[in-house]
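The values are calculated or read from the model by the stated rules, or taken from the named source; none is laboratory data. The model shown is predicted, which means the values in this text are computed figures rather than measured ones. Please note: Cβ atoms are built from the backbone with ideal geometry, for glycine as well, and neighbour counts cover all protein chains shown.
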Amino acid sequence: MRVMISACLVASAVVAMAGIEHTILHGVSVGALRFTVFPDQVPALTEEEGNALMQSRLDDAGIPVTPGDGATLWIRATVFSDNSALCSVSLEGQLVEEATLLRNGLRVPADSWHGGGSVLTTTDADCAQHVRKAINRAMDDFIEMHGAMNPKQ
């Protein structure tokens with residue numbers, strides 16, 4: 001059994017303006033969680049299980065999810081299939097919140113955090129297991145950055 005996991009969990013913030021990367025998640029609240037998969041399901045992993053995993057990680061970290069308030073934390077899994085025995089999945093995580101442009105007051109979606117990774121395995125069972133690990137790594141990254149910018153008193 002061959003398993004290759006490549007993860008690139010880089011938190012990125014808008015770096016065009018000096019210092020913004022240190023404050024982008026300060027005071028942010030999470031209002032919704034979304035784990036989505038397309039175009040096909042990850043073998044042996046449902047969207048509901050992905051959402052539950054994300055919720056559990058935030059609960060463990062003490063980061064509340066207040067429905068209807070704040071930003072949406074997304075993790076999208078893109079499944080690449082060529083009808084072979086390989087399972088290839090790319091994960092992209094984002095925290096998307098509404099922002100107001102200074103120049104014209106227009107409200108637009110803004111990406112406040114970004115992370116991700118990829119999984120390549122040879123069996124469906126391994127695929128689900130390693131996608132769960134990749135979700136956990138993405139959540140670790142988000143939780144670490146959120147905690148650094150919102151220290152507990």
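Of the residues 98, 21, which single one is assigned to a helix (DSSP H, G or I) and modelled with pLDDT under 95? Outline the logic, then answer.
Details: 98 fails: assigned to a helix (DSSP H, G or I).
When all the criteria are applied, what remains is 21.
Specify which of the listed residues (139, 54) is among the aliphatic types (A, V, I, L, M), closer than 13 Å to residue 32 by Cα, in contact with a strand residue (DSSP E or B) (Cβ under 9 Å, 6 or more places away or on another chain) and surrounded by 18 or more Cβ atoms within 10 Å (Cβ to Cβ). It would help to see each step written out before you state the result.
Working: 139 fails: closer than 13 Å to residue 32 by Cα.
So the residue among 139, 54 that is among the aliphatic types (A, V, I, L, M), closer than 13 Å to residue 32 by Cα, in contact with a strand residue (DSSP E or B) (Cβ under 9 Å, 6 or more places away or on another chain) and surrounded by 18 or more Cβ atoms within 10 Å (Cβ to Cβ) is 54.
Pairs under 7 Å by beta carbon, first residue closer than 14 Å to residue 25 by Cα in segment 64-75, partner modelled with pLDDT of 90 or more and among the small types (Gly, Ala, Ser), six or more apart or different chains?
Once the first residue is closer than 14 Å to residue 25 by Cα and sits in segment 64-75, its partners that are modelled with pLDDT of 90 or more and among the small types (Gly, Ala, Ser) give 70/31; 71/31; 72/31; 72/32.
Please state which of the following conditions residue 127 fails to meet, knowing it meets all the rest: (1) assigned to a strand (DSSP E or B); (2) at pLDDT below 90; (3) of a type in the set (A, V, I, L, M, F, W, C).
(1)
Being of a type in the set (A, V, I, L, M, F, W, C) and either under 17 Å from residue 53 (Cβ atoms) or in contact with a Ser or Thr (Cβ under 6 Å, 6 or more places away or on another chain) (or both), is that true of even one residue in segment 98-112?
First, pick out the residues of segment 98-112 that are of a type in the set (A, V, I, L, M, F, W, C): 99, 101-102, 106, 108, 110.
If we keep only those that are either under 17 Å from residue 53 (Cβ atoms) or in contact with a Ser or Thr (Cβ under 6 Å, 6 or more places away or on another chain) (or both) as well, we get none.
No, that holds for no residue.
Could you please find all residues in segment 78-127 being closer than 18 Å to residue 38 by Cα and of a type in the set (Asp, Glu)?
Once the filter is applied, which keeps residues that are closer than 18 Å to residue 38 by Cα and of a type in the set (Asp, Glu), segment 78-127 yields 82, 92, 124.
Given the residues 137, 132, which is the only one that is closer than 23 Å to residue 24 by Cα and out of contact with any Pro (no Cβ under 9 Å at 6 or more places or on another chain)?
Residue meeting the stated conditions: 137.
Kindly indicate whether residue 126 is surrounded by 19 or more Cβ atoms within 10 Å (Cβ to Cβ) and farther than 16 Å from residue 28 by Cα. Even if it seems obvious, please write down each step before you answer.
On the way: surrounded by 19 or more Cβ atoms within 10 Å (Cβ to Cβ): yes; farther than 16 Å from residue 28 by Cα: yes.
Judged against the criteria, residue 126 is a match.
Could you tell me how many of the residues in segment 75-119 are over 18 Å from the mean Cα position of the chain (by Cα) and either crowded, with 16+ Cβ neighbours inside 10 Å or among the aromatic types (Phe, Trp, Tyr) (or both)?
Taking segment 75-119 first, the residues over 18 Å from the mean Cα position of the chain (by Cα) are 80-87, 99-108.
Filter again for either crowded, with 16+ Cβ neighbours inside 10 Å or among the aromatic types (Phe, Trp, Tyr) (or both), leaving 80, 87.
Residues in segment 75-119 being over 18 Å from the mean Cα position of the chain (by Cα) and either crowded, with 16+ Cβ neighbours inside 10 Å or among the aromatic types (Phe, Trp, Tyr) (or both): 2 in total.
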